[in-house]
């Protein structure tokens, strides 16, 4: 068992180390800010984050009053993002917004969107050696959702809205997975009130991601377990009405018939 764990650990370390392309980092500076900026953009496209950072840093130091110096600040944040230095990128985007609030790349929501995307990129994935991501603390997931929803509120005309919405759907699914896991955890351990609270939260915040029918069925059972038959009736009635051909519709009808008469 120990050798297997060591091999798995080595694989994880290798994956992290190779997760972001870095390229050679070699640069060939030009005499103008524009040329250096263009070279930096090419390195961003290639994924050579080190070389890109060198070009943009050079612009800031040698051409501090050029319009490209301001753009270089933003692109340095992009390079940090590409290198998976997400916390640093978030700080850099925030500073860019703070010091250049009227800049085009702030006004169109780009910098704000990238903050939300950076939060999302930090979320842990699933790996066979570790517990599933839905079993872990979801604070970072909630942060990603909060940032992206704030972005949507602030930038109604941003060209990045569709991308943000796609990520929000993924965030919502992950949070729903967690709520369902915790609800089942409480139920399996004979704590129906904990199940009720988690299922209510799931149904209030994460409808439509695949749990609605099962959540309503279990919610009714949990309400019965805590001696709240009227609320169980509401949950099961909704299930039957919304999912008349679902797998739980028959169970819900039978359960409704067994509830005490009002």
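The values are calculated or read from the model by the stated rules, or taken from the named source; none is laboratory data. No experiment lies behind these values; they were computed from the predicted model shown. So basically every Cβ, Gly included, is an ideal-geometry build from the backbone, and we count neighbours across all protein chains shown.
For the range 178-194, does any single residue satisfy the condition of being surrounded by 16 or more Cβ atoms within 10 Å (Cβ to Cβ) and closer than 30 Å to residue 112 by Cβ?
yes
Just checking, how many residues over the range 156-172 are surrounded by fewer than 17 Cβ atoms within 10 Å (Cβ to Cβ) and in a helix (DSSP H, G or I)?
7
If I filter the range 137-155 down to residues being part of a loop (DSSP other than H, G, I, E, B) and at pLDDT below 95, which single residue comes out as surrounded by the fewest Cβ atoms within 10 Å (Cβ to Cβ)?
Of everything passing the filter in the range 137-155, 137 is surrounded by the fewest Cβ atoms within 10 Å (Cβ to Cβ).
Can you find, within the range 97-119, the residue that is modelled with the lowest pLDDT among those that are assigned to a helix (DSSP H, G or I) and over 19 Å from residue 159 (Cα atoms)?
Out of the qualifying residues, it is 119.
Test residue 73 against the stated conditions and say whether it is closer than 30 Å to residue 178 by Cβ and modelled with pLDDT of 95 or more.
No; evaluated as a whole, the condition is false for this residue.
Starting from residues that are over 33 Å from the mean Cα position of the chain (by Cα) and not in a helix (DSSP H, G or I), keep the ones in the range 215-243 and report whichever is surrounded by the most Cβ atoms within 10 Å (Cβ to Cβ).
Ranking the candidates gives 228 first.
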